[in-house]
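Please read the structure below before turning to the comments.
Please treat every number below as a calculation from the coordinates, not as lab data. All values reported here derive from a predicted model rather than from experimental measurement. As a convention, Cβ positions derive from the backbone with ideal geometry for all residues, glycine included, and neighbour counts pool all protein chains shown.
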Amino acid sequence: MDRYQSFARSGIGRFVVGKLGLPDPHPLRRHSPGRPPLDGPVLLGGRGRLVEPVRATLGSIGLDVTTDPTERTDTAGRTDTTQRTEAAERPAALVFDATGIEKVEDLRDLHTFFHPSIRSLGPCGRVVVLGTPPASAVSRIAQRALEGFTRSVGKELKRGGTAQLVYVAEGAEGNVESTLRFLLSGRSAYVSGQVIRIGAGPVEAPDDWDAPLAGKVALVTGASRGIGAAIAEVLARDGAHVVCLDVPGQGEELSAVANRVKGSTIQLDITAPDAPARIVEHVDQRHGGVDVVVHNAGITRDRTLGRMDEGRWDAVLQVNLACQERVNQALFDSGALRPNGRVVGVSSIAGIAGNVGQTNYATTKAGVIGLVDALSEQVDGTGTTVNAVAPGFIETRMTAAVPLVIREAGRRMNSLSQGGLPVDVAETVAWFAHPASAGVNGNVVRVCGQSLLGA
Ligand code: NAD
């Protein structure tokens, strides 16, 4: 909890925050092993091709599913829940299958389901709306409209609640489990207002959902601290052997992380001309290849453009973008990235919204999105995926160095009124890395508490 958050939770703080209408950051419920994913049942509604597969999936995750007992369908097939009685137990999540929405008039179903239920949603509640990718839907208009609805719900939810829209392609009905496990749990604590796309194609369910990466090898760059260290920890928790890479100057911290996660290290500057070849050689010789590659290493060298020398420009371009392209090329060309591989980039909301003093940084972070677009198209249908996370304000050494006023603004200007933690980015990476996420390709998911920047 940051200092303001502790104050807002205190007796006097609650009073002041309430009276002045100040941001009220609710403590987020994060994943902890052994604890159930949610603190209550899931209220499932809607009518479409996903209701039944999703009901089965929620059951297999071990979640209680309730359907409104008063729900009835009229002769035109419309769902009427207006007579709803207060559910005995507050739902911890509301999941609505909107794939049956075929015309603009049907959008009324959203109001019918959510209006009576939204206020009963428990703390850190979850809203998930499921749709059909607009381009292939009967009504492109109605399905596209779901975005505005879901993002607004995210902004209205209080007490740590989040809302997402998941577009599930026709034929991908069986590919939603890893995504629902992520969204309907504390793993997605700091992800809100996102639009996620799941495609069709074969999906490999893990033998053990608690160790989905067992037997896999993951490479994480910039792993000695901050977000990279958290990614290494979460991938190792999920069963992967993690190869932790960082510059030689970070050797000691890098070894400490590698020891903690029972992984191994490569000390290497990724901008070195021979870095791609050394990475390929390392993973090939020691592990016979690599399954998950997370390009997390990144730097900032901030100056407004007129004051930015070439050195600052070039350094950021090299570390954050150019060398990733080279490393990917080498991994694909050599075959070191094994079948069903996962490539995950780390973008930033600065790459979406732009930021004063960060023309270099934002160029690279938008470039990472371009890299996802280009590579995900190339690998589509092969089982390999390419996605990126775009963190917002995450509490790390990088953000601790930001001047106080800007830092406070960055922390509060989002729907959850607080900064995220490195583990929030790491959990999102782990969802991309999951073997059952083979349908999740070409997504850029913001981990930003639904920041106002770039929204
Ligand atoms: P950090 O500075 O704490 O960690 C970055 C790591 O990358 C360091 O360990 C560093 O040594 C390593 N690195 C830098 N240059 C390297 C090189 N040439 N070769 C190998 N390793 C190198 O930063 P962080 O806050 O943990 O950020 C991690 C990633 O997340 C970065 O890509 C950053 O741009 C991105 N990001 C962070 C935030 C945030 O709020 N912290 C927000 C958006 C995006």
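For the chain, a simple Cβ point-charge model (Lys and Arg +1, Asp and Glu -1, everything else neutral) yields a dipole of about 1500 debye relative to the Cα centre.
Exposed loop sites are taken as trypsin sites (Lys or Arg not before Pro) in a DSSP loop (any state but H, G, I, E or B) with at most 11 other beta carbon atoms within 10 Å; the longest stretch of the chain without one runs 263-455. Straightening the chain between R3 and E281 buys 95.4 nm, computed as 0.36 nm per residue apart minus the Cα-Cα spacing.
Simple spin-label estimate for R108 and S60 gives 3.7 nm between the two label positions (7 Å along the Cα-to-Cβ direction from each Cα).
Multiplying the residue separation of V402 and D314 by 0.36 nm and subtracting their alpha-carbon distance yields 29.5 nm.
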